[in-house]
Amino acid sequence: MQFENTLAFAQSIDQVDPLRSFRDKFHFPTFHKNEVRYFTGNSLGLQPKSTSNYIQEELDDWARFGVEGHFLAKRPWFSYHENLTEKVAKIVGAKPIEVVVTHSLTTNLHLLMVSFYRPQGKKTKILCEAKAFPSDQYALESQVKFHGLSNEHLVEFGPREGEQLIRIEDILSKIEELGDELALVMIGGVNYYTGQLFDMETITKAGHKAGAIVGFDLAHAAGNINLRLHEWGVDFAAWCGYKYLNSSPGGVSGMFVHERHANNPDLPRFAGWWGYNKEKRFLMEPGFQPMPGAEGWQLSNAPVLGMAAHLAAVDIFDEAGMEAIGAKRDLMTAYLEFVIDSISERNKDKCTFELITPKDKNQRGAQLSIMALGQGKALFDALSDLGVVADWREPNVIRVAPAPLYNSFEDCWWFGHLLEKAIQ
Ligand SMILES: *Cc1c(COP(=O)(O)O)cnc(C)c1O
């Protein structure tokens with residue numbers, strides 16, 4: 001498609017966008033003096049208009065049934081998470097037995113590493129990305145410490161000198177180099193800073209060849225990338241519900257454990273009653289019998305209000321389907337890239353910025369990271385003042401994420417238009 005940086009052109013693609021009606025299912029922020037152009041679905045997704053109904057139903061059932069709601073509610077709370085399993089499994093490309101919605105992301109990462117990071121003999125090292133999201137860094141460091149090991153067991157890889165992106169061949173050679181010292185590969189599926197998407201299948205194969213376990217943090221991938229976790233053979237993964245998945249601030253999150261680990265009673269884990277064999281949970285017998293599959297990692301009974309918000313959001317994904325979402329993501333991100341490039345070209349004399357996200361659609365999702373040299377923060381502040389909600393990352397990156405479910409091509413045109421205004 002030959003793109004044009006005009007409002008009329010953007011509107012003309014919106015008109016033939018198969019997902020155009022989904023925009024109307026979301027609340028757009030109204031706090032600003034100007035109309036908000038929302039590009040922060042990678043940080044906090046917008047609220048579906050249906051969310052309040054889903055939550056209200058649970059409040060009503062709570063009022064009506066009290067404790068009996070565990071079994072008598074329209075969606076019984078005892079098994080509430082089961083309403084989410086199949087739909088979330090579709091979003092991440094997994095079998096239902098491999099997925100559970102429970103807890104929050106960092107908690108889940110810890111629970112999974114307790115089971116899957118088992119340093120032994122010389123097999124002690126974790127391979128991770130340098131400058132990972134801070135919570136992941138703390139989680140990894142504390143896991144290593146928890147086993148009485150020092151930070152040198154945490155091996156980082158990053159971009160080459162003078163480059164922004166990480167080369168897959170560098171990851172693979174690091175895996176090979178570590179060989180049988182490598183216990184775990186644990187990285188973000190999409191880098192939160194650059195928006196770079198890693199080839200999870202290739203990394204998983206290489207990790208397995210070295211005899212390591214491979215896990216991913218999919219905070220920036222779930223609901224964004226067309227994942228095939230089962231097929232790729234990934235051992236475990238965790239993500240949050242509130243970024244691309246629009247499931248409320250700090251909302252419930254999901255985890256994936258590959259089927260091959262589903263019935264392994266030898267896996268050590270931190271256990272709680274909700275991971276216990278469902279048929280016998282209320283017998284409260286001593287000795288832990290885990291549920292098969294990912295459900296066996298649940299600790300507590302489900303926070304139903306948060307789960308209801310997640311279900312509202314996931315039902316929208318189910319209606320749209322990840323295929324259509326992925327197709328729009330690629331087209332819209334390419335259009336936004338085109339718009340930003342044309343503004344950049346037209347204003348070369350006034351401002352320099354460069355897109356550091358990969359150009360190849362197979363190496364990115366919906367996020368573009370603009371490196372603004374010179375007056376980066378001032379440019380970002382001017383954009384914010386004009387109604388653009390994007391995201392600033394020190395030292396000089398503006399992250400912009402057009403979310404396929406609710407952003408429009410017109411939004412992307414507006415972004416460019418306001419960027420040019422901000423430059424001037
Ligand atoms: C957003 C994000 C988190 C946040 O963790 P919470 O436990 O949900 O607060 C962690 N890791 C990554 C990579 C993220 O993008």
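Going by what's in this entry, would Ala219 be described as buried (at least 21 other Cβ atoms within 10 Å of the Cβ), touching a residue at least 24 places away in the same chain (Cβ under 8 Å) and closer than 16 Å to Ala366 by Cβ? Answer is yes for this residue. Ser344 - would you say it is at pLDDT 95 or above and not in a loop (DSSP other than H, G, I, E, B)? The answer is no for Ser344.
Restricting attention to the range 141-164, and to residues there that are aliphatic (A, V, I, L, M) and touching a helix residue (DSSP H, G or I) at 6+ places or on another chain (Cβ under 8 Å), which single residue is least open to solvent (accessible area, probe 1.4 Å)? Residue satisfying both the conditions and the ranking: Val144.
For the range 263-283, the tally of residues that are part of a loop (DSSP other than H, G, I, E, B), open to solvent by less than 50 Å² (accessible area, probe 1.4 Å) and of a type in the set (Gly, Ala, Ser) stands at 1. Looking only at residues of the range 102-120 that are more than 11 Å from the ligand (Cβ to nearest atom) and of a type in the set (S, T, N, Q), we find that the one that is most open to solvent (accessible area, probe 1.4 Å) is Gln120.
Residue-wise test of (1) in contact (Cβ under 8 Å) with a residue 12 or more places away in the chain; (2) open to solvent by 50 Å² or more (accessible area, probe 1.4 Å).
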| site | (1), (2) |
| --- | --- |
| Pro29 | yes, no |
| Leu44 | yes, yes |
| Glu57 | yes, yes |
| Arg64 | no, yes |
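Scan the range 284-293 and give yes if some residue there is open to solvent by less than 60 Å² (accessible area, probe 1.4 Å) and assigned to a helix (DSSP H, G or I), otherwise no. Checked the range 284-293: no residue is open to solvent by less than 60 Å² (accessible area, probe 1.4 Å) and assigned to a helix (DSSP H, G or I). For the range 168-181, the condition holds for no residue, the condition being that it is within 16 Å of the ligand (Cβ to nearest atom) and not small (Gly, Ala, Ser). In the set Lys49, Lys123, Lys131, only one residue is of a type outside the set (A, V, I, L, M) and within 16 Å of the ligand (Cβ to nearest atom); that residue is Lys131. Looking at Ala238, is it within 16 Å of the ligand (Cβ to nearest atom), crowded, with 23+ Cβ neighbours inside 10 Å and assigned to a loop (DSSP other than H, G, I, E, B)? The answer is no for Ala238. Let me confirm something: among Val185, Val190, Val252, which residue is open to solvent by less than 40 Å² (accessible area, probe 1.4 Å), under 17 Å from Arg118 (Cβ atoms) and within 16 Å of the ligand (Cβ to nearest atom)? Being open to solvent by less than 40 Å² (accessible area, probe 1.4 Å), under 17 Å from Arg118 (Cβ atoms) and within 16 Å of the ligand (Cβ to nearest atom) holds for just one of Val185, Val190, Val252, which is Val185.
Among the residues in the range 321-339, are any over 24 Å from Asp24 (Cα atoms), open to solvent by 30 Å² or more (accessible area, probe 1.4 Å), in the same structural domain as Gly45 (by TED's automatic domain parsing) and in a helix (DSSP H, G or I)? Yes, that holds for at least one residue.
The values are calculated or read from the model by the stated rules, or taken from the named source; none is laboratory data. Here the structure is a predicted model, which is why all the values come from computation and not from measurement. Virtual Cβ from ideal backbone geometry, glycine too; neighbours counted across all protein chains shown. SASA here: full protein model, heavy atoms, side chains in, ligands and nucleic acids out. Shrake-Rupley method; radii C 1.70, N 1.55, O 1.52, S 1.80 Å.
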